[in-house]
Structures are given as structure tokens and as C-alpha cells.
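Okay, structure first, notes after.
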Amino acid sequence: MVGYTNADWGGCPNTFRCTSGACFFMDNSLISWYSKKQHCIAVSTTKAKYVAASMASRELVWLRRLIQSFQQDLTSPTLLYCDNQSAISLTKDDVFQSKSKHIEIHYHYIKLEVKKKTLLLQYCPTDNMIADIFTMALSTPKHEDFTTQLQILRSL
């Protein structure tokens, strides 16, 4: 299984809340996806992406448990791709703790899952971030590329 997570920053002009998006693949087949408005207002892109990654980590843990209930063994960490290196650093290193005081405690859930090796948060360049399709308007070529990668067929 592999996942992609992303967020816009202050995308809603009325509430300034961000939109998180994520998608998960199992053996190259899309098995789960969502687009949700965040409950908090992010004061930085790092917070927006960190909150999105935390939301995705909860979905990832639920999916892992579901898959394991079918007697599928998931011994290695699930890759979760994020396009913000500062958000990734927050999950791995307590040195950044002083810079993340403004982030609500429940969003630090992802740190526990990283430490338990349930998931491995890795960098994905923005140009390859499939989850962008769930969080923002895209150019036609980029939209078509991502729908192809998601294996979404459009009707004629």
C-alpha cells in the first residue's frame, strides 16, 4: 500500500481554512481517497501539510487494520508521500517542537505512527503529487495526468 497527501493553504476565501486531500493505492489500484476541509486555520504551509499528513495517517492506519483483517500481512511501513519537507521533519525530529507549539496536540498523532514504523513519510516533488487533484484547481494537462494515474475514466 502507498499513499499521497496534500493540502492547499488558506484555500477557502471565506473561512481561510485549508483543504486536505489524500489517496491510497494497493497494488497500483486506488482503494481510498478523500478531500476534506481542515478544522483549523493554518498559519503556514507547513502546518497545512502537517495537518493533512496527520489526517492521512489516521486513514492509513484504518486501511492497514482493514487489510490485516483479511489475513493480509503488512509488516513493512506504508509509504505516505508529502510534498513539504518541513512537515516531514516535524514528524521525525523533536528539535522542531518549539516551532510547532501552535499545532494542536491531536495532529501530532502522526509522530506516534512514524515512531511505531506503521508509516514512512517521504518527500514527493510537487509536480508528482497526485493528491493535488483533491485540493486545488489544476491545469488541464496536469488534471488529465493525475486522473490517468488514479485510473479514473471519464465518460464521453
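The values are calculated or read from the model by the stated rules, or taken from the named source; none is laboratory data. Only a predicted model underlies this, so the values are computations on that prediction, with no experimental measurement involved. Surface areas here come from the heavy atoms of the whole protein model, side chains and all, with no ligands, DNA or RNA. Shrake-Rupley method; radii C 1.70, N 1.55, O 1.52, S 1.80 Å.
A few remarks follow.
- Computed over the chain: relative contact order in percent, which uses C-alpha pairs under 8 Å that are six or more apart: 27
- Probe 1.4 Å, protein heavy atoms only - accessible area per residue of region 18-73 in square angstrom: 49
- Antiparallel content of DSSP bridges confined to the chain, in %, to 5: 65
- Mean separation of Cα contacts under 8 Å, 6 or more apart, over the residue count of region 1-86: relative contact order %: 33
- Rg/Rg_globular for region 43-97, with Rg_globular taken as 2.2 N^0.38 Å and Rg from C-alpha atoms: 1.34
- Note on exposure: Tyr123, Tyr109 ranked by accessible area (1.4 Å probe, complete protein assembly) read Tyr123, Tyr109, with the most exposed listed first.
- Surface/4 of the Cα convex hull for the chain, nm²: 10.1
- For a straight C-alpha distance cut-off of 18 angstrom, the aspartates and glutamates reachable from Lys111 (same-chain residues fewer than eight places away being disregarded) are Glu59, Asp83, Asp93, Asp94.
- Surface share of carbon and sulfur [accessible, 1.4 angstrom probe, percent] for the chain: 55
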